[in-house]
4 protein chains.
Amino acid sequence: MTSLHIGLIGTGYMGKAHAIALHAAPRVFDLPATPVCELLAEVDETLAVRKASELGFARATGNWHELVADSRVDVVDICAPNFLHKEMALAAIAAGKHVYLEKPMALNDADAAEMVAAAERAGVKTLVGFNYVRNPATQLAREIIANGEIGEVIHFRGRHNEDYLADPAKPHDWHTFRETAGAGALGDLGSHILHMAEYLTGRTIKRVCGQLQTVITERSLANGSGMRPVENDDHAQALLHFDNGLIGSIETSRVASGRKMGLAYTVTGTKGAITFDQERMSELKLYQQEGPSGRRGFRTLLAGPDHPDYAAFCPAAGHGLGYNDQKIIEIRDLIEGLTGRRPLSPDFRQARRINTLIEAIERSHHDGNWVELADA
Amino acid sequence: MTSLHIGLIGTGYMGKAHAIALHAAPRVFDLPATPVCELLAEVDETLAVRKASELGFARATGNWHELVADSRVDVVDICAPNFLHKEMALAAIAAGKHVYLEKPMALNDADAAEMVAAAERAGVKTLVGFNYVRNPATQLAREIIANGEIGEVIHFRGRHNEDYLADPAKPHDWHTFRETAGAGALGDLGSHILHMAEYLTGRTIKRVCGQLQTVITERSLANGSGMRPVENDDHAQALLHFDNGLIGSIETSRVASGRKMGLAYTVTGTKGAITFDQERMSELKLYQQEGPSGRRGFRTLLAGPDHPDYAAFCPAAGHGLGYNDQKIIEIRDLIEGLTGRRPLSPDFRQARRINTLIEAIERSHHDGNWVELADA
Amino acid sequence: MTSLHIGLIGTGYMGKAHAIALHAAPRVFDLPATPVCELLAEVDETLAVRKASELGFARATGNWHELVADSRVDVVDICAPNFLHKEMALAAIAAGKHVYLEKPMALNDADAAEMVAAAERAGVKTLVGFNYVRNPATQLAREIIANGEIGEVIHFRGRHNEDYLADPAKPHDWHTFRETAGAGALGDLGSHILHMAEYLTGRTIKRVCGQLQTVITERSLANGSGMRPVENDDHAQALLHFDNGLIGSIETSRVASGRKMGLAYTVTGTKGAITFDQERMSELKLYQQEGPSGRRGFRTLLAGPDHPDYAAFCPAAGHGLGYNDQKIIEIRDLIEGLTGRRPLSPDFRQARRINTLIEAIERSHHDGNWVELADA
Amino acid sequence: MTSLHIGLIGTGYMGKAHAIALHAAPRVFDLPATPVCELLAEVDETLAVRKASELGFARATGNWHELVADSRVDVVDICAPNFLHKEMALAAIAAGKHVYLEKPMALNDADAAEMVAAAERAGVKTLVGFNYVRNPATQLAREIIANGEIGEVIHFRGRHNEDYLADPAKPHDWHTFRETAGAGALGDLGSHILHMAEYLTGRTIKRVCGQLQTVITERSLANGSGMRPVENDDHAQALLHFDNGLIGSIETSRVASGRKMGLAYTVTGTKGAITFDQERMSELKLYQQEGPSGRRGFRTLLAGPDHPDYAAFCPAAGHGLGYNDQKIIEIRDLIEGLTGRRPLSPDFRQARRINTLIEAIERSHHDGNWVELADA
């Protein structure tokens, strides 16, 4: 068995999730190569050393440039703040490393395009971490749709709402400035539901009509030096027109009181429908126009070993997977992708698509009309 | 106690619901006047006589013109097919009768405008039957919002989806032709959710951007004489912009497999949110940003005697009201409205609003852009 | 069409529900005879006259003995407090009237036995109002079980929990004294779930082992004259052994915080299961060991026109029935029973069974062991 | 930082779960010592070597006696079939090792007593793996109860139902024989809910009255050599009487069609109630008699960083933990227990309690009466 040596940049929320998954994945799955936690970069040496110990990395550095250049690192895993994604990815690509990058890929479509071009020119492999599509219940949804079990898809409705900025007293952080975040809720959460829309239906969005809004127009600065405007959207929504005439809509919010992990979708077909809420991430509800009408209803399928990737975690149905388990599956996809067992998806090219869609929605809002998307 | 003599036209789905409610309402509520089931009209004398017996009406006629002209009738209650609403209402108004009309008021905005003008000129009183806003759980939602219990409203999301035409083998009926139905799902079901949007938020929709679609483009004729195009929308959705900057969206469908009474809404405020699904019509979920964060969550309120109009049905909470109970409350509103105890709402002028909105959404779809609504 | 003249005694919670249903039932169903609201009795003339007007009765009396003796009354409908059931029923029977009686039939088994004997000797017809078994969703449950759709029944679990006495500051009322209530939660609510157990499974309970408890051992008197002991159970539970080896258990409480109408059951069979909660009275969940295992799950059936008695209320599924609708179905059963179209069930003999079971559970608790039930 | 070297016996369902957790725990939590996956034992050398590679263990053996005796092993982690628990644990104790044992501890109370005595005599530390009590939502439930947030506990209802043997065509396996399993559902699943009853309420069960049943009385042998009787219970239920007068009941089944991970409980107090279902393991529902009665209802608390142990997995609420995450928390408890930072709980003495309760319920069933439990 070969090894793949990982260099991780960033140890916040997602960095820790990656570290947990990197250690667990080889135990859960029978992988074609072993991920080795080689090198960890943080903002300074002291923090890096401490975090390397905590997260089980062999070596540490306070300078991410060193990590990117390190000869023992095969894959650069970028969990740093979004506004650093581009610079780090380009440096990693330049060093000939494969890149595993947290979403959203970039702050805007132009940056994303530049990153795609660089990666393809360099011939390195890439994966962007849209973890919710790894959830067995959602993989099952895609399988049900692809099998035609609900007929032909006629409508997609999705939302990804949370309430992490619902409190107007919460000060600014990186989410609320253009320079550090790009789009607001639309970029942070909307990216997931836009990706989901095409992932689940297998269709391509051709036209969008969007509406964005900043609800809490100014917030205090974290350092106490007064109020400053919020520079991006608190919530957004869009009508969608896919190829083949499929229609749908999405909604996203970071001020949706009560929603903690409110990614939810309903996909309606000519012969049935599925509905899902990530707050109950191991349940999928399925309706089919079958059997006597008095015995029809939405069926609650509990994720189990008959569904994609579940059995590796637990042989018994209904025992439940968690947030971090999605990342473990993503690591499996990364390792199998890098060793040629499966395509890496979404890679930079596919992930840029989300930036393209986000910008189209923003432009539609700005111009007050529908925006067509160029052929992919 | 005075009496109000009712002349009912039509004994289908809604006619029967009205008859049940007319008999039950005086037992449930302490009414200022007693509704008397005076005269019933159906398409022929035989059917009228039979239905009058079944539905407890004193007299019967096979000619609705007689009913409208009958000196003992105070209120004409129109439950006939939608395409007859205008003619019947105008005749009733001409005869100086008050009019109680099932929704949707008319097939289009121009007809609705004509009806408003006639009623106001004649000085007769009118009520249009949007029964879902009578549901105690929904009245409670409005009360919570109006009290500011969820802060200032920042988002409205609503849908009214059913699946009564999901089966492509189902032949044409009155729903599927322009001449008999006007708009499709948007008129039949969308009318409810559009009305709900303004009812709950207390705000006025100023701009819409709509998208309509006929999914099953042709159906067989009921008489077996071949296929014919479906003339109106199977599903529709729209972005909404209210006054004061509130945004939201609605969706409606008659081909949404699995949804039987899928009127649902989520209203988000700056301090909380409510969410509701008419398939669980006696439950309202309420989230408030209050108390320690580890003890926050959506609370399931079961309709009970502390909520509007429930106690008249049952003194104990959680026992559940049903579809017909909403109509009983509507009859109470009718009787109290006619005797001056409360405003009749929505009257023709208010109900025409829904036709205006429907046409704006249709025009927006047709023109491919946002449509502004004139000031009401 | 003939008429059946009803004399109603008592106009509290249940009296009003009966009155609503008596007026609505002939509009909902095509009845073989029309119930006529003939005479109403209350504790004094003034109240009786007022209530007769409110509830739509032709005549009124302040003396129930007059009602029982009235020549124009065919059926005596007893909604008076439980401790009066026996005296009133015996008087009605003595006068040769049919008796329609609210549950629980009597305060104890001996009284119930006396009432059965009297009714059978006199040859009058009887019906006891266990309204929850009329709910279409529960009728559907019975149908599914009887059809063998979940195989052979192997387990019954039921509860009927409410919280109307959860507040220890709530003073005594008739529920809390032996003389006026007999058993406590077990009599008031347990009676429903015990009846349900045999109704749904079609089996007979042969042995019980019970446990009762008074949680709040004393309460204030309503008149402010100090504290007095609570004389019956606040909650109770029992293991059940049915004929043919079926086992199960029930639980009941009037101090179960949060439960408003907490009648719920799960019936498990060799090939599936059903589960139900009266707080969502129009939903039945059904699981069947059928189809691929990855597509199995509990299906939420929304009550609809394919299910027993629903279509008479509404032609569209999922629109929801309410508490009072159950009483309307019960009136239909009463009228059809009195006219010979269907058996009256539960009649006094069947309803006495519940008193027998309650006493067996109380005796089991007292003696600390299992109690056998004599063959019915 | 010190290390604790683990010797794992058995690599089935639970062995793999332990391995995943042993690798992940040091990344999730800041542990006082690092668990090292030292040695793995399986039934033969080949399998052991393969499994050691898969599960990340340094060395392998086909003889568990070698593992127990290995000088580099500090803790023997027993995930072998239940009937081997006693022999292996006694051998490990004899070798002076700490023992981490999967539940149920032993096949019967006498064996469990022997194991307790041996461990205490040897002075080794022990932990038995009742993983469901580690779930943050359940830890939160205990915290809410202990804080008095629902008042004084007045009722406990619990069940642990699954359907893994619902299919009568499923052949015998180790679950269905006395010699390999001891009790049936009661031992395998009932052990969890009995443990939960005392864990959550903080009370001690003093008396039980049980009822057991083998529903499918015979099954085929896996090797095809005919039918043989099932030797233990398929489902069981018991009334419980705790100290201080608390009452309750439990139920367990392995033939409960539709239940996949059906551990559920409702704990009712004088001022509120909590209810939980492990199939939605990251949700706890809480009702409190607080605030205006029209705003009361069960609140759905989504597990989050304000609740015990959640924040180590994810900083954002509602993102969901999974089955294996419970084991990660258990490993933290093991390591902290072995290093003296917290008591190990349940240790052998506490875990034996469950065997005692199971036997009392079995005896109660056999004798047909209540059984008192001796003071612990």
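The values are calculated or read from the model by the stated rules, or taken from the named source; none is laboratory data. Bear in mind that the values here come from a model prediction, so they are computed numbers and not experimental data. When we count neighbours, we look across all protein chains shown, and the Cβ atoms used for this are built from the backbone with ideal geometry, even at glycine.
Here are some notes:
- Qualifying strands (runs of 3 or more DSSP E) (wholly inside the stretch B:1-75; at least 3 residues being under 20 Å from residue C:53 (Cα atoms)): B:2-9, B:33-41
- Being small (Gly, Ala, Ser) and either on the phi > 0 side of the Ramachandran plot or in contact with a Phe, Trp or Tyr (Cβ under 8 Å, 6 or more places away or on another chain) (or both) is a description that applies to residue D:351.
- For the stretch B:294-338, the candidate set comprises residues that are out of contact with any Lys or Arg (no Cβ under 7 Å at 6 or more places or on another chain) and of a type in the set (Phe, Trp, Tyr); within that set, the residue that is surrounded by the fewest Cβ atoms within 10 Å (Cβ to Cβ) is B:323.
- Strands (runs of 3 or more DSSP E) contained entirely in the stretch A:147-255, each with at least 2 residues that are more than 11 Å from chain B (Cβ to nearest Cβ), under 22 Å from the mean Cα position of the chain (by Cα) and at pLDDT 95 or above: A:153-161, A:205-213
- From A:106, A:33, A:95, residue being farther than 21 Å from residue A:332 by Cα and either over 22 Å from the mean Cα position of the chain (by Cα) or surrounded by fewer than 24 Cβ atoms within 10 Å (Cβ to Cβ) (or both): A:95
- Condition met for residue B:306 (of a type in the set (Asp, Glu), at pLDDT 95 or above and under 28 Å from residue B:191 (Cβ atoms)): no
- Residue that is surrounded by the most Cβ atoms within 10 Å (Cβ to Cβ), among those in the stretch D:48-64 that are under 15 Å from residue D:23 (Cα atoms) and more than 11 Å from chain A (Cβ to nearest Cβ): D:52
- Selection count where residues are out of contact with any strand residue (DSSP E or B) (no Cβ under 7 Å at 6 or more places or on another chain) and in a helix (DSSP H, G or I), scope the stretch D:256-280: 1
- Failed item, numbered, when residue C:13 is tested on (1) of a type in the set (Ser, Thr, Tyr); (2) at pLDDT below 95; (3) buried (at least 23 other Cβ atoms within 10 Å of the Cβ): (3)
- Subset of the stretch B:188-229 [closer than 20 Å to residue A:154 by Cβ, hydrophobic (A, V, I, L, M, F, W, C) and surrounded by fewer than 20 Cβ atoms within 10 Å (Cβ to Cβ)]: B:216, B:227
- Residue list for the stretch B:277-293, restricted to those being surrounded by fewer than 24 Cβ atoms within 10 Å (Cβ to Cβ) and either within 30 Å of residue D:306 (Cα to Cα) or basic (Lys, Arg) (or both): B:277, B:280, B:283, B:285, B:286, B:288, B:289, B:290, B:291, B:292, B:293
- Within the stretch B:273-320, considering residues that are more than 7 Å from every other protein chain (Cβ to nearest Cβ) and on the phi > 0 side of the Ramachandran plot, the one nearest to the chain's Cα centre (by Cα): B:309
- Of all the criteria given as (1) under 30 Å from residue B:13 (Cα atoms); (2) crowded, with 24+ Cβ neighbours inside 10 Å, the one not satisfied by residue C:7 is (1).
- Only residues that are within 13 Å of chain A (Cβ to nearest Cβ), of a type in the set (S, T, N, Q) and more than 19 Å from residue A:314 (Cα to Cα) were counted in the stretch D:8-47, giving 1.
- Among residues of the stretch D:326-362 being free of Cβ contacts under 8 Å to residues at least 60 places away in the same chain and touching a helix residue (DSSP H, G or I) at 6+ places or on another chain (Cβ under 9 Å), the one that is nearest to the other protein chains (Cβ to nearest Cβ) is D:342.
- Complete set of residues in the stretch C:256-272 that are facing another protein chain (nearest Cβ under 7 Å) and under 24 Å from the mean Cα position of the chain (by Cα): C:256, C:257, C:258, C:260, C:261, C:268
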